[in-house]
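The values are calculated or read from the model by the stated rules, or taken from the named source; none is laboratory data. As the structure is a prediction and not an experimental result, all values here were calculated from the model. All Cβ positions, glycine included, derive from the backbone under ideal geometry; neighbour counts span all protein chains shown. With ligands, DNA and RNA removed, areas are computed over all heavy atoms of the protein, side chains included. Shrake-Rupley method; radii C 1.70, N 1.55, O 1.52, S 1.80 Å.
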Amino acid sequence: MKTKAVRLYGKKDMRLEEFELPKIREDEILARVVTDSLCMSSYKAMLQASDHRCIPDDIVENPIIMGHELCAVIEQVGAKLSGKFKTGDVFSAQPKMYFGDEITAPGYSYTTYGGNATYIIIPAEVIRDGYLLPFSGDAHYKASMAEPISCIVSAFRSAYHLAPNNKDHIMGLKEGGSLAILAGCGPMGLGAAEVAMAMTPRPARIVLTDIDEYRVSRAKALLKSKNGVQVEVFNTSDVDDIPALLGNNFDDVLIMAPVPQVIELADAISGIDSCINFFAGPTQKDFYARVNFYDVHYNYKHIIGTSGGDIDDMKEALQLIETGAVDVSMLVSHIGGLNCAAEATLNLPSIPGSKKLVYCGIDLPLAAIEDFDKLGQTDPLFAELHKICAANNMLWSAQAEQYLLENAKKI
């Protein structure tokens, strides 16, 4: 079977190509990819190419398929897997996988397994070790949001506070405490607020900050207090004394941008027995910021960093999404077809908005949901998509996805 896929040959060298997939073996699965969400991790991988620990050295001769936030449908099941999987099953996938000392991931390590493709082959070891995860939600794009949500689940599960003996760790966010999400009005910050209100233990107060008024306004419009958690959003761009505005006794702080000033703000607003998570991944290896280690010693301030989630985090993320406990629709700001995936990945940091969602079976330029109305003046597809989104607070939805898949040009 032929597939079309975005393949990585070297640093900044991505190509949309058609090629022949081999016939699946009896312990493999052929799948059709419906959606893949573009991730900043893919941008960093594209810049590093074989310098990345999960990308093979021989990608010039054997290019890998990009994309790891995928949702796909099973098309064909190998003979040994009969009865365990069936055609039509929908699944998501755990990106980071461990096979002994080896770490691999779709979108990084495989020539036939990645999210930016029309058809893929799921390797035997992925299936054998349980990294293929069923999804029963009402829209494919929601499963593509599970990987970023799993990273947030992991971050919150990794937070810790001290028992009265000051030795034992109580894992998770501080029950009934306060959580600050700094530089947090982007997609991951919004997702973090949603997850924090859905998980247990959960805080009583969540504060998000940002310096971009568009993101701040969008966060205020989309995030609603629920489950007994009060949500507040602040634009801190012109604030001289941010701790005076926010308070300086936060129990948990999530840092969403690798900026020294943001880290120093986290240090300034965190209280006794607080947990600061440096969630944002820097690209430079000599990255430093000033932190008061007097507080680390005498006030039990904890500093951690998390990257990605494991299989249990992914399962919890999928459950939160399937049950509607977390609304991932607010994470999506753009949609497009497979034809735009390479260029969008290359320019990801400079494209405003939140998550860029690729529908791998269609041909469509990358378009912001907020531009659907204008685009709809000349294109009836966007006119109808605008009507659907406008009825849903300008958010992507299962209805919008269904209309797109039924009416968009196939790639």
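Below are the figures for this structure:
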item	result
Residue within region 121-139 that is crowded, with 24+ Cβ neighbours inside 10 Å and without any contact (Cβ under 8 Å) to a residue 60 or more places away in the chain present	no
Qualifying residue in region 132-147 (condition: of a type in the set (D, E, K, R) and in contact with a helix residue (DSSP H, G or I) (Cβ under 6 Å, 6 or more places away or on another chain))	yes
Candidate set: region 28-50, residues that are out of contact with any Asp or Glu (no Cβ under 9 Å at 6 or more places or on another chain) and farther than 23 Å from Ala146 by Cβ; chosen: the one surrounded by the most Cβ atoms within 10 Å (Cβ to Cβ)	Gln48
Those residues of region 293-309 which are in contact (Cβ under 8 Å) with a residue 40 or more places away in the chain and β-branched (Val, Ile, Thr), in sequence order	Ile304, Thr306
Region 290-299, residues that are of a type in the set (D, E, K, R) and either assigned to a helix (DSSP H, G or I) or under 30 Å from Arg7 (Cα atoms) (or both)	Asp295
Yes/no for Cys151 being touching a Gly at 6+ places or on another chain (Cβ under 6 Å), touching a residue at least 12 places away in the same chain (Cβ under 8 Å) and not polar (S, T, N, Q)	yes
Some residue of region 86-93 being touching an Asp or Glu at 6+ places or on another chain (Cβ under 8 Å) and free of Cβ contacts under 8 Å to residues at least 40 places away in the same chain	yes
All positions within region 77-103 that are assigned to a strand (DSSP E or B) and open to solvent by less than 10 Å² (accessible area, probe 1.4 Å)	Phe91, Ser92, Ala93, Met97
Qualifying residue in region 50-64 (condition: in contact with a Lys or Arg (Cβ under 6 Å, 6 or more places away or on another chain), over 22 Å from Ser154 (Cβ atoms) and modelled with pLDDT of 95 or more)	yes
Inter-residue pairs, beta-carbon under 7 Å, first among the small types (Gly, Ala, Ser) and in region 258-278, second not in a strand (DSSP E or B), 6+ apart	Ala268/Pro243; Ala268/Asn248; Ser270/Lys301; Gly271/Asn248; Gly271/Asn249; Ser274/Lys301
Qualifying residue in region 241-260 (condition: part of a helix (DSSP H, G or I) and either on the phi > 0 side of the Ramachandran plot or crowded, with 24+ Cβ neighbours inside 10 Å (or both))	no
Filter result for Arg53 (without any contact (Cβ under 8 Å) to a residue 60 or more places away in the chain and open to solvent by 40 Å² or more (accessible area, probe 1.4 Å))	yes
Neighbours by Cβ (under 6 Å, 6+ apart or cross-chain): first from region 328-351, free of Cβ contacts under 8 Å to residues at least 60 places away in the same chain; second crowded, with 20+ Cβ neighbours inside 10 Å and assigned to a strand (DSSP E or B)	His334/Lys356; Gly336/Val358
Given (1) touching a residue at least 40 places away in the same chain (Cβ under 8 Å); (2) surrounded by fewer than 17 Cβ atoms within 10 Å (Cβ to Cβ), number of the condition Cys71 does not satisfy	(2)
Matching residues, region 55-76, being part of a strand (DSSP E or B) and of a type outside the set (A, V, I, L, M)	Cys71, Glu75, Gln76
